[in-house]
Every structure is written in structure tokens, then in C-alpha cells.
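Working notes, beginning with the structure itself.
The values are calculated or read from the model by the stated rules, or taken from the named source; none is laboratory data. In this text, all values refer to a predicted model and were calculated from it rather than measured experimentally. Here the Cβ is made from the backbone with ideal geometry for all residues, glycine too, and neighbour counts use every protein chain on show.
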Amino acid sequence: MDILNSTLKDAVHALRTKQYTSCELAQTCLDTIKKFDKQLHVFLTVNEENVLKEAKTADSLLAKGVEKPLLGIPIALKDLYSTENLLTTAGSKIIDNYVPAYDATVVGKYKKAGAIIIGKTNEDAWGHGSSGENSDYEPTRNPYDTSRVPGGSSSGSAVAVATGMCMASTGTDTGSSVRLPAAYCNLVGIKPTYGRVSRYGIIPMASSFDTIGHMTKTVYDNAYLYEITAGYDPKDATSVDIPVPKYTSFVGKDIKGIKIGIPKEYVQAPGMQKEVRKLTENAIKDLESLGAIIKEVSLPHTDVAMACYYILVPSEISSNLARFDGVRFGHLRDQFGAEAKRRIMLGTHALSAGYYDAFYKKAAQVRTLIKQDFENVFQDTDALVMPSSPTVPFKLGEKVSDPLSMYLSDIFVCPVNIAGIPGLSIPCGFADHLPVGLQIVGPQFSEERLYQIAYAYEQIHEWYREIPSLLKDKI
Ligand code: GLN
């Protein structure tokens, strides 16, 4: 079974047409985990006992011709999705013994669709980070070059898909955490419109920024999963009751006449690597050759976006992490890692009497300006295109002692969370054998357009077929 070269769509088809069984597929994923997890640190928990049992059940349903969208498909979840009776640590030592009594809404939807939860993936503790190195456990490594980071905070979820340890995965994206690891691991990653997918049962980071998302090899696979998880949930007061389009039906439509903006502030951004710039320019030319209309646009408040993010997000974090005081559950606060402590202190300071107006309130006002920048541009532009990250995946350890330079890896992705709009990262080539991602951004609830553009591009370049060198000939 060539699982590494197989997409989610291929696997769904193969199970239905009896080319292999769910037991065989799940066993192949488990074998791959056994072979590479010690080196790559992808999973915090492997659901080994249940996986084969569930695969067996799926096989008997498949034999009866039952059709569910994910029947018998192994999926991995970031370790901050609450899973009934399955350890959920959020990558932290504080709750290293927390076994939830219920499933997050998204997990429930996956199970209902027939998916098999193969395990819980490693991440920066609580979602704080861009590299995976803030995990309270071992940092995950990039399978395209194991001396480099896979991107964070959903580090394990990205590597699990890139290495064939599962067929798709979930992450969460508060400022970068689906799109950056997707870009660094040659995957497609969606950051939804705020409120489009339920956050119920997700351990929160910064509640007004948090979104859940999926990582897959292809655009079609991503749209397919999004159809399953998007939608209103009465258990999440911020989820929105707007009908969910059939995203996969937009895949394959041409993009002639679609107006794509290139924000000039992003083109001029400091620290963008030459190779990243080149690959982005190539992708823009490709989109133009497909009939898109390319134009320059301006997002004038881009230069203050990171400052705004790093006031508002730590403020919400300091409030959300206050519940982990060791009284009701979890360990004492001295178990928090360095990054969590840094954010609790920053946030507490920004919210404290005497500083609130100067920091929190000002940043909240700036947030509105950033949101308006996007709204203005979208008056006569359908979507924006820019790199997902200014650099290729960096070396482990390169930025750990310099949090500011780590924060700047997110310069192109964080503004999207500030504005609550959707962003999709897709592979756009390799620089020195390292994956580079392209981000496509649109107005609220325009995910179908993002998939449409992304799929059109993917038809010219099937970068997803380039599997990590570590795995070539080994599986
Ligand atoms: N890298 C960003 C941060 O550390 C975003 C993380 C995320 O999206 N969870 O805040």
C-alpha cells in the first residue's frame, strides 16, 4: 500500500472499492509511527488499543456498503482537542494527566463521519509558538530536514500527515498555527473565518482569535474535511448560523477574472528571503496565466499588526490560563514553561490598572483599523496572495533565545486572525529542498473562493507529490 503517495480522496476510494481494508490502512499508519516517531516526536498519545478495534468495525460497515465520508480513515488530532477518555495535554506538563469526559464538537463530527482517531499530536504548549519548540515535551522535527523545525504550534499534526502516519489532521490557528506548519511541511492548511467552525471543547489560547483548521496533502482533501466540520454549534456562542456551502463543488471552477491583490507592504517586508520572494512571484505569474487579474493593494496598518497581536493575545491568554491554578485540576503554576510564563506576565501587565488604556485599549482600537484595512481592500478585490512565512523552515534552536525574531515568522499570517478572516496556505515550491508556502486570504466566509483559487494553482504544480527525503525508499 503506497500510503505516502496517497491522498485522503485516494484512501476513501480505495476503502470503498476494497483495494485494501481499514485494518490494513490503520496498521500501515501505526507501523510508520513506530518507525519514525522516536526521531520526529510527532505523537504525545497513540490511541493504539482502539485504532485496530475501530478499523475492524469500519471494515464490517464498509462490507455492508455503508457510506460515511470518513469511514475507516485514520485522522490525528492536535493535543488540545478534548477527546473522551483519551489523554489531552495541550502540549503542557500542567495537565499531563487530564482525561476529558467529553469530545470537542469537531471530534464528535469526525467520529460521526466514521473517522478513526489515531492519536494526539505534539504541539507548542497551549498553542504558544511558531516552531514546536515550546512543547513541554520533545520538539517535533521537520521530515524534509530533521535539523529544522516543522513550524508551530500544530507541529505534530503537520508532520503526521507529511509522513503518512495518518491521512489528515487537525490543528488550531490563533495567529499562524495551521498555516505555518502546513507551509513548512509541504501541506495545505486552512484557517477558517472566525465563527465558521465550532471551538467547543478546544482548550482555548486567545478566545477572540482561536480557530480550528485542517492539514491535508491536497486542496480537494481540505475542502472535503471542511465540509464536515464547518457549521453552527449551539454550544459555541461565537459560531455563526450561516449555511455551509458545498466547498468541494468550487474545486475545479476556473479563476478567470478573479481579482487578486498583492499587498505592497508585504512585498516590502523586512526579512523576506530571496528564494521565498522568487517562488511567490512565480506563483503570482501562474495565477495570472490562469486568468486571474493581479493588482497591487495596500494594507497601511501592517507595520503595527504584530505589536497589536502581542498585546491582545497575551491578555486573553493570561485570563484563559488563570483557571490552571492547581486547585481544580492540573499541577501547580510553577510547572508552566518559559513561554507560557512570559505571556501570562505580558498579558497581566497589559490588563492591569494604569496600563490598560495605554496597552490593551489602544491595541483593541488598532485591531479595528487593521480589520478596516482588509475590508477596504475587499471592496474591489476578491482575494489576496502573499507568502505564508518570510523564510523557509529554520534550524531548531535558531530562534529560541530571541522570542521577537520567532514572533516575526508570523508577520504574514497573524493579521488574518486579527481581522477574523480566512486564510489558506498551499505549497508553492521548494528552496534548497525545503518547502515554501503561499497564503491566499479572502473576506469573511469566502473559503469556497480560496479553495477554487488554490485548486486551480495545484493543477499546474502538484508539489504535494514531493515526499520527505527521510522517508523515500523506507516505507
Ligand atoms: N505563533 C503564534 C503565537 O505564538 C500563533 C500561535 C497559534 O496560532 N496558536 O502566538
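Annotations for the structure displayed:
Matching residues to (1) within 16 Å of the ligand (Cβ to nearest atom); (2) in contact (Cβ under 8 Å) with a residue 12 or more places away in the chain; (3) crowded, with 20+ Cβ neighbours inside 10 Å:
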position: Thr348; (1), (2), (3): no, yes, no
position: Ala353; (1), (2), (3): no, no, no
position: Asp357; (1), (2), (3): no, no, no
position: Arg367; (1), (2), (3): yes, yes, yes
position: Asn376; (1), (2), (3): no, no, no
position: Gln379; (1), (2), (3): no, no, no
position: Ser388; (1), (2), (3): yes, yes, yes
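- Residue within the stretch 426-438 that is of a type outside the set (A, V, I, L, M, F, W, C), within 16 Å of the ligand (Cβ to nearest atom) and more than 22 Å from Ala206 (Cα to Cα) present: yes
- If only residues of the stretch 1-42 that are of a type in the set (S, T, N, Q) and in contact with a strand residue (DSSP E or B) (Cβ under 8 Å, 6 or more places away or on another chain) are counted, the one that is surrounded by the fewest Cβ atoms within 10 Å (Cβ to Cβ) is Thr7.
- Residues located in the stretch 121-155, provided they are among the charged types (D, E, K, R) and within 16 Å of the ligand (Cβ to nearest atom): Glu123, Asp124, Glu133, Asp136
- Checking each residue in the stretch 310-329 for being without any contact (Cβ under 8 Å) to a residue 40 or more places away in the chain and touching a Ser or Thr at 6+ places or on another chain (Cβ under 8 Å) picks out only Ser318.
- Helices (runs of 4 or more DSSP H) lying entirely in the stretch 143-239 (those with 2 or more residues that are in contact with a helix residue (DSSP H, G or I) (Cβ under 9 Å, 6 or more places away or on another chain), modelled with pLDDT of 95 or more and within 22 Å of Ala26 (Cα to Cα)): 155-162, 219-229
- Top-ranked residue of the stretch 404-419 - restricted to ones that are part of a helix (DSSP H, G or I) and more than 9 Å from the ligand (Cβ to nearest atom), ranked as nearest to the chain's Cα centre (by Cα): Val416
- Contacts under 8 angstrom Cβ, first residue in the stretch 418-434 being on the phi > 0 side of the Ramachandran plot, partner modelled with pLDDT under 95, 6 or more apart: His433/Ser469
- Within the stretch 62-112, the only residue that satisfies the criterion of being touching a residue at least 60 places away in the same chain (Cβ under 8 Å), part of a loop (DSSP other than H, G, I, E, B) and among the basic types (Lys, Arg) is Lys93.
- Only residues that are more than 22 Å from Ile411 (Cβ to Cβ) and either out of contact with any Ser or Thr (no Cβ under 8 Å at 6 or more places or on another chain) or without any contact (Cβ under 8 Å) to a residue 24 or more places away in the chain (or both) were counted across the stretch 146-166, and they come to 4.
- Qualifying residue in the stretch 251-272 (condition: surrounded by 23 or more Cβ atoms within 10 Å (Cβ to Cβ), within 16 Å of the ligand (Cβ to nearest atom), outside any loop (DSSP other than H, G, I, E, B) and at pLDDT 95 or above): no
- The single condition among (1) among the small types (Gly, Ala, Ser); (2) within 11 Å of the ligand (Cβ to nearest atom); (3) out of contact with any Ser or Thr (no Cβ under 8 Å at 6 or more places or on another chain) that Ser401 does not satisfy is (2).
- Total residues in the stretch 170-195, condition away from the ligand (no atom under 15 Å from the Cβ) and either among the β-branched types (Val, Ile, Thr) or crowded, with 24+ Cβ neighbours inside 10 Å (or both): 5
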